[in-house]
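Here the structure comes first, spelled out in structure tokens, and everything after it is commentary.
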Amino acid sequence: MTTAQSFTPGTVLVMVGTKRGLFMVSTKDRERWEISAPTLKGHRIFNAVLDQRDNPRLFAADNDDFFGCFLRYSDDFGQTWHEPEQGIQFPQDSGEKLHNIWVIEPGRPNEPGTVYAGVDPASLWVSRDNGLTWAMNSSLAHHPTRARWEPGAGGLCLHTIVPDSSNASRMWIGISAVGCMRTDDGGDTWVFANKNTRAAFLPDPYPEFGQCIHRLVQHPVQPEVLYQQNHCGVYRSANAGEDWVDIQQNLPSEFGFPIALDSHHPDTVYVIVEDPEGRQNVGSNFTIYRTENGGAQWEPLTRGLPSGQGVALGVLRHGMTTDSLEPCGVYVGTNTGQLFASRDRGESWSLIADFLPPIYSVTTTVLV
């Protein structure tokens, strides 16, 4: 394990947010890996992302039950950290209290300085100055149905933000347990995008809202195509979320959290499904599933992954990601502290870190 450091162009950097700090795992060849000593040691890091649109800036969602929640940033890969001049805090007269910062999402390539964040209680925050000052999206915060929103097991959390790569006015968000929402006018108004997604735990299994979406991704070439992993299934939309098609097919469970895709072969999608009671792998094999035809058929990927009666691994909603290389690298972190990597699109896997604290999130980037 090495100390925090600078990294050279071409390095694949995997940022691992854990219950006790942020770990930086790096490689030049995706065969030999180095793990830096944790930065923000002892802190609960729900999410971390490196924004390379200008000078590289690392953002981290730092949540603490006692000291509070902070969105921190670093310009030296985590050696030193700073807080915004105006952070994410609800007005005192709002009656709201910040519980957790769930996700940080850099804006589009053509809007440098714009960064988004999603929090619990469900609200969307935006910075236009590279994270120095933050403001809440008022339209979502005062949505007409807001009083009827119910939390999921992890709280009323806005955990996914997808700025449309093709339309600067459009964005999707995922809220547990409200569902998918979309804006078509830059955040002035929001509509629900949940048609045909199930909420089997409700009296009406197909409500306008109330679904427990777990994760959402956008097709990089066909921007109308979205995929989501849900409490009740895996879905694909071909029309920007106007309606959804269940693509669970031969998956052994409808319950799971993470989803990711291969940017070079974007009909290739990866999911992990779990036993909904134990929230661990179905059966005795820890398995990642892949489709190469947009969900028409899924294949289990197990080569190099653990199996046996004592294997009981779970992966949280931000615990899987892919890199931008060809062939695609896939990275999976478990809530028991194992980090697995594949450099061949999931055909084979290696354990690249073990004995980490419980992993909340895994993100990756190739340094330029």
Worksheet entry | The lone exception for PHE23 - which of (1) in contact (Cβ under 8 Å) with a residue 12 or more places away in the chain; (2) surrounded by fewer than 17 Cβ atoms within 10 Å (Cβ to Cβ); (3) not hydroxyl-bearing (Ser, Thr, Tyr) it fails | (2)
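Here is a check on your reading of the model: is ASN281 within 26 Å of HIS231 (Cβ to Cβ), in contact (Cβ under 8 Å) with a residue 12 or more places away in the chain and exposed (fewer than 15 other Cβ atoms within 10 Å of the Cβ)?
The answer is no for ASN281.
Can you tell me which residue in region 202-217 is surrounded by the fewest Cβ atoms within 10 Å (Cβ to Cβ), limited to those that are among the hydrophobic types (A, V, I, L, M, F, W, C) and in a loop (DSSP other than H, G, I, E, B)? Full working, then the answer.
Residues of region 202-217 among the hydrophobic types (A, V, I, L, M, F, W, C): 202, 209, 212-213, 216-217.
If we keep only those that are in a loop (DSSP other than H, G, I, E, B) as well, we get 202, 209, 212.
Values: LEU202: 15, PHE209: 19, CYS212: 25.
So the residue we want is LEU202.
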Worksheet entry | region 163-185, subset surrounded by 20 or more Cβ atoms within 10 Å (Cβ to Cβ) and hydrophobic (A, V, I, L, M, F, W, C), residue nearest to TRP244 (Cα to Cα) | CYS180
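Being closer than 24 Å to GLU326 by Cα, touching a residue at least 60 places away in the same chain (Cβ under 8 Å) and among the charged types (D, E, K, R), is that true of even one residue in region 62-83? Don't jump to the end; show me each part of the working.
Going residue by residue through region 62-83, those that are closer than 24 Å to GLU326 by Cα are none.
Scanning region 62-83, I find no residue that is closer than 24 Å to GLU326 by Cα, touching a residue at least 60 places away in the same chain (Cβ under 8 Å) and among the charged types (D, E, K, R), so the answer is no.
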Discussion item. Among the residues of region 63-122, what is the count of those that are of a type in the set (D, E, K, R) and in a loop (DSSP other than H, G, I, E, B)?
Written reply: 9
Fill in: Of the criteria (1) within 14 Å of ARG198 (Cβ to Cβ); (2) assigned to a strand (DSSP E or B), which one TYR227 fails
(1)
Practice prompt. Inspect region 142-159 for any residue being out of contact with any Pro (no Cβ under 8 Å at 6 or more places or on another chain), surrounded by 19 or more Cβ atoms within 10 Å (Cβ to Cβ) and hydroxyl-bearing (Ser, Thr, Tyr) and give the result as yes or no.
Written response: no
Discussion item. I'd like the full set of residues that are closer than 22 Å to HIS264 by Cβ, buried (at least 20 other Cβ atoms within 10 Å of the Cβ) and over 16 Å from the mean Cα position of the chain (by Cα), limited to region 318-343.
Written reply: CYS328, GLY329, PHE340, ALA341, SER342, ARG343
Worksheet item: If we keep just the residues of region 194-246 that are among the small types (Gly, Ala, Ser) and in contact (Cβ under 8 Å) with a residue 24 or more places away in the chain, which is nearest to LEU261 (Cα to Cα)?
Response: SER237
Practice prompt. Answer yes if at least one residue in region 268-283 is more than 18 Å from CYS232 (Cα to Cα), over 20 Å from the mean Cα position of the chain (by Cα) and part of a loop (DSSP other than H, G, I, E, B), and no otherwise.
Written response: yes
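List the strands (runs of 3 or more DSSP E) that sit entirely inside region 296-368 and contain at least 2 residues that are among the aliphatic types (A, V, I, L, M). Steps first, please.
On the way: elements: 299-301, 320-322, 330-333, 339-342, 350-353, 359-366.
The strands (runs of 3 or more DSSP E) meeting that bar are 330-333, 339-342, 350-353, 359-366.
Quick one: in region 31-59, of everything that is charged (D, E, K, R) and in contact with a strand residue (DSSP E or B) (Cβ under 6 Å, 6 or more places away or on another chain), which residue is surrounded by the most Cβ atoms within 10 Å (Cβ to Cβ)? Spell out the reasoning first.
Initial filter on region 31-59 (charged (D, E, K, R)): 31-32, 34, 41, 44, 51, 53-54, 57.
Now drop any that are not in contact with a strand residue (DSSP E or B) (Cβ under 6 Å, 6 or more places away or on another chain), which leaves 34, 41, 44, 51, 57.
On the way: GLU34: 15, LYS41: 10, ARG44: 20, ASP51: 22, ARG57: 19.
In this case the residue turns out to be ASP51.
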Discussion item. Checking the condition of a type in the set (Val, Ile, Thr), farther than 17 Å from PHE340 by Cβ and either out of contact with any Gly (no Cβ under 6 Å at 6 or more places or on another chain) or modelled with pLDDT of 95 or more (or both), which residue from THR27, THR18, THR39 passes?
Written reply: THR39
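Confirm whether ALA240 is in a loop (DSSP other than H, G, I, E, B) and aliphatic (A, V, I, L, M).
Taking the combined requirement at face value, the residue satisfies it.
Only one of these is over 25 Å from GLY154 (Cα atoms) and of a type in the set (Val, Ile, Thr): THR287, THR291. Name it. Please lay out each step first, then the result.
Numbers: THR287 fails: over 25 Å from GLY154 (Cα atoms).
Just one listed residue meets the conditions, THR291.
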Worksheet entry | Test result for GLU85, modelled with pLDDT under 95 and charged (D, E, K, R) | no
Worksheet item: Given ASP188, ASP164, which one is closer than 26 Å to LEU316 by Cβ and either at pLDDT 95 or above or among the aliphatic types (A, V, I, L, M) (or both)?
Response: ASP164
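The values are calculated or read from the model by the stated rules, or taken from the named source; none is laboratory data. Keep in mind that what you see is a predicted model, and the values were worked out from it rather than measured. Because the Cβ atoms are built from the backbone with ideal geometry, glycine has one as well, and the counts that use them run over all protein chains shown.
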